[in-house]
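The values are calculated or read from the model by the stated rules, or taken from the named source; none is laboratory data. Owing to the predicted nature of the structure, the values given are computational and were not obtained by experimental measurement. For neighbour counting, all protein chains shown are included, and Cβ atoms are generated from backbone atoms with ideal geometry for every residue, glycine included. When the accessible area is computed, the model is the full protein with side chains, heavy atoms only, and any ligands, DNA or RNA have been set aside. Shrake-Rupley method; radii C 1.70, N 1.55, O 1.52, S 1.80 Å.
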Amino acid sequence: MRNVIFGTGKFASEVAKKLESYNINIDAFVNNKTNLPTDVYNNKPVINIDNLDFTNSDFNIIVAKKPMFMGSAIEYLKNKNFRNAFLIKEEIFFNSIRDIEDLKNYLLPVDFSDKAILNYLETNIVDNCNLNCKGCAHFSNICKPYFVTPEDLAKDLYIINNYFHLLCFRLLGGEPLIHPKLDEIVKVARAMLPKTELVLVTNGVLIPKINQEMIDSLRDNNVIISISLYKLTEKLLPKILERLNKENIKYFINDDYFKKPEVITQFHTRLSTEKNNEGAQVSQNCGGRFCRFLRNGKISKCYYPLLIDNLNDLFNTYFIISDDDFIVLSEITNGWEAIEQLNNSIPFCDYCRSKEQNFEWERANKDVAKLDDYVLKLKKK
Ligand code: SF4
Ligand code: SF4
């Protein structure tokens, strides 16, 4: 049996290195992209998966991408009815691995006849934030207070667990550490999703101060902390890491565990008050297309449709949300069909521009009218 890695980026190369260190030989890297690099790791061949010759040999395909980006590989393998496929768990880079038997725990065999595989989902457990960045994509700088209750989260996760094998679930906001019931929220998420990678995304500023119940709950429920490195976070980083290390909590910074983290200085947006008819095209390239977002019994392709009321209410904008912008959990009858729907563009994508607008990161000042000028300057008079 030959082993082929599905993925051609840094993540794939590091996975290959790890597997080969346990004497699992890698024969090639494959991808379903048109532009492939010439070399990924150790001069192994890099091949378009359509050109892989399956006639002469049996292959194990090992999907080595971060969970958020695994969707198209899973879809590809399902459409080809491929059987010997494995998904790499991201935790392979966090945990110390005892031996080859232990290593196999990080290779998840794919069974397409079982529940649908949903690679990634995120939710705001709270909308507000202690940093109030200007142009926050989740509108945390202008939102009304919102805190999900453990009961409501449990209801949604119960349905999700019925239809999907969810690989990665991210708790975010706003700043999730300001949720007064964070410990309960985390317990509920772990109880409903026992095998899912749970990640809490935070600006980190409160980590040195949060109470011990919260810290215990994060560690005991195997939650990985993803720290976004803003200027204020950087100042506190030694204290933040000291606490996480002392408490034995896994973390990574700016979603990357391979390179030295840099302070976030730029934000960007595609959102505009002007509708265009380019949504289908734009959504093929925007980063938001990977951010499947759960809120109050609905899942949308990205966070905008389910959070845009914050902008509409404050600025009298008229972003229209249609029933086709999200799926309703209670109406799902087939998990794979629901995923297909989420993969397509949605009517809301017509509000996004093809070109991203970049702006300097800064905390919002008190002049509310200026908070979202990056979007509102295109507002029709
Ligand atoms: S820290 Fe994150 S959630 Fe908070 S306002 Fe800034 S971008 Fe939004
Ligand atoms: S609405 Fe569509 S185009 Fe805009 S960020 Fe979301 S997925 Fe991308």
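Nearest 10 degrees, 0 to 90: what angle lies between the long axis of helix 182-192 and the longest principal axis of the chain (Cα atoms)?
Once rounded, the angle reads 40 degrees.
Just report the Cα centroid separation between the range 278-340 and the range 254-277, whole Å.
19
Once the Cα atoms of helix 231-246 and of the chain are each reduced to a long axis, what angle between those two axes, in degrees from 0 to 90 to the nearest 10, is obtained?
Between the helix axis and the principal axis of the chain, the angle is about 50 degrees.
Who wins for biggest fluctuation among ARG170, ARG98, ARG292 in a Gaussian network model of the chain, springs between alpha carbons below 10 Å?
Highest fluctuation among the options: ARG98.
For CYS302, list long-range residues whose amide hydrogen, built 1.01 Å from N in the peptide plane, is under 5 Å from its own amide hydrogen.
The answer is PHE293.
In square nanometres, what is one fourth of the surface area of the convex hull spanned by the alpha carbons of the range 2-109?
Mean orientational projected area (the range 2-109, Cα hull): 6.6 nm².
Could you derive backbone 3J(HN,Hα) for the range 164-175 from the dihedral phi with the Karplus parameters 6.51, -1.76 and 1.60 (θ = phi - 60°), listing whole Hz in sequence and x where the residue is Gly or Pro?
Per residue, the Karplus-derived 3J(HN,Hα) values read 10, 9, 8, 7, 9, 10, 10, 9, 9, x, x, 10 Hz.
Within 10 Å, at most 11 other Cβ atoms, and a DSSP state outside H, G, I, E, B define an exposed site. Report the longest part of the chain free of exposed chymotrypsin sites (Phe, Trp or Tyr not before Pro).
In the chain, the maximal stretch lacking such sites is 55-257.
Could you pull the accessible area for ARG270 with a 1.4 Å probe, rounded to 10 Å²?
Accessible area, nearest 10 Å²: 40 Å².
Before I look further, what does the chain give for accessible area per residue, probe 1.4 Å, in whole square angstrom?
Accessible area per residue, the chain: 48 Å².
Cα centroid distance between the range 146-202 and the range 76-94, in Å?
Between the Cα centres of the range 146-202 and the range 76-94 lies a distance of 24 Å.
If you average the sequence gap of Cα pairs under 8 Å that are 6 or more apart and divide by the length of the chain, what percent do you get for the contact order?
Rounded, it is 14 percent for the chain.
About the Cα centre of the range 226-317, what is the dipole size in debye to 20, counting +1 per Lys and Arg Cβ and -1 per Asp and Glu Cβ, all else neutral?
280
Need one value: the accessible area of ARG219 in square angstrom, 1.4 angstrom probe, rounded to the nearest 10.
Accessible area, nearest 10 Å²: 70 Å².
How are the alpha carbon pair distances in the chain distributed across 10 Å bins from zero to the largest one, expressed in percent?
Taking all Cα pairs of the chain, the binned fractions are 5, 22, 31, 28, 12, 2, 0 percent.
Rounded, prolate or oblate for the range 144-198? Axes are the square roots of the Cα gyration tensor eigenvalues, ordered a ≥ b ≥ c, and the cut-off for rounded is a/c under 1.5.
prolate
Place a +1 charge on the Cβ of each Lys and Arg in the chain and a -1 charge on the Cβ of each Asp and Glu, then give the dipole magnitude about the Cα centre in debye, rounded to the nearest 20.
Rounded to the nearest 20 debye, it is 800 debye.
From the Cα trace of the range 242-284, what convex hull volume per residue do you get, rounded to a whole Å³?
In the range 242-284, the Cα hull volume divided by residue count equals 160 Å³.
Could you tell me which residue out of ALA12, PRO67, ASN48 lies farthest along the dipole of the range 1-120 toward its positive end? Charges go on the beta carbon: Lys and Arg +1, Asp and Glu -1, centred on the Cα centre.
Of the candidates, PRO67 comes out farthest on the positive side.
Would you work out what percent of the accessible area of the chain, with all protein chains in place, is carbon or sulfur (probe 1.4 Å)?
Whole-percent figure for carbon plus sulfur exposure: 47.
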